[in-house]
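Quick notes on the structure that follows.
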Amino acid sequence: MPLPYAGFLSLPYESPFFWSLPMIILLLAELAADFLGKEWTVKKKKIFFVSSLSLYIIGNAFWIYAVLNGVGLARGAILFSVGQEIAAIFIGIVYFKEKLNNKQLIGLMFGLISIMIMGGF
């Protein structure tokens, strides 16, 4: 028997339509925050620190919205973690000229496999 409507705590939407855009915004905000955080560690300018921290807060607001609108904690955590890590690895390699070792490459492949097994959405 379905639970009665519980106001803002209920999950009325299961379609990815209602949570995919907030997840994309979350990923972009977190990626930008990671980038600015790395810039802060290199250049030590306070604007990078403040901007990075602000983007983390904004990103987490979209995370809460996505969870409340049907992404689910487990599915959302996997999509966010793997998506954000793949994007951060790309930025680290391309922009900051970082290198990956074999263990890190294997970990990246497992992350991609986890999304494929899960069916993406």
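Scanning segment 71-93 for residues that are among the small types (Gly, Ala, Ser) and buried (at least 18 other Cβ atoms within 10 Å of the Cβ) returns Gly76, Gly83. Against the test of being assigned to a helix (DSSP H, G or I), under 20 Å from Ala29 (Cβ atoms), within 18 Å of the chain's Cα centre (by Cα) and β-branched (Val, Ile, Thr), the options Ile91, Ile113 yield a single qualifying residue, Ile91. In this structure, does Gly107 turn out to be of a type outside the set (A, V, I, L, M, F, W, C), assigned to a helix (DSSP H, G or I) and within 11 Å of the chain's Cα centre (by Cα)? In short, no.
Right, Ser51: at pLDDT 90 or above and either closer than 22 Å to Ile117 by Cα or surrounded by 14 or more Cβ atoms within 10 Å (Cβ to Cβ) (or both) or not? First the steps, then the outcome.
Details: at pLDDT 90 or above: yes; either closer than 22 Å to Ile117 by Cα or surrounded by 14 or more Cβ atoms within 10 Å (Cβ to Cβ) (or both): yes.
When the stated conditions are applied, Ser51 passes them.
Return the only residue of Ala66, Ala74 being of a type outside the set (Asp, Glu), touching a residue at least 12 places away in the same chain (Cβ under 8 Å) and out of contact with any Cys (no Cβ under 6 Å at 6 or more places or on another chain). Result of the check over Ala66, Ala74: Ala66.
One residue stands out in segment 63-85 among those that are more than 10 Å from the chain's Cα centre (by Cα) and in a helix (DSSP H, G or I): the one that is farthest from Gly37 (Cα to Cα), namely Leu68.
The values are calculated or read from the model by the stated rules, or taken from the named source; none is laboratory data. Since the model is a prediction, treat every value here as computed from it, not as a measurement. So basically every Cβ, Gly included, is an ideal-geometry build from the backbone, and we count neighbours across all protein chains shown.
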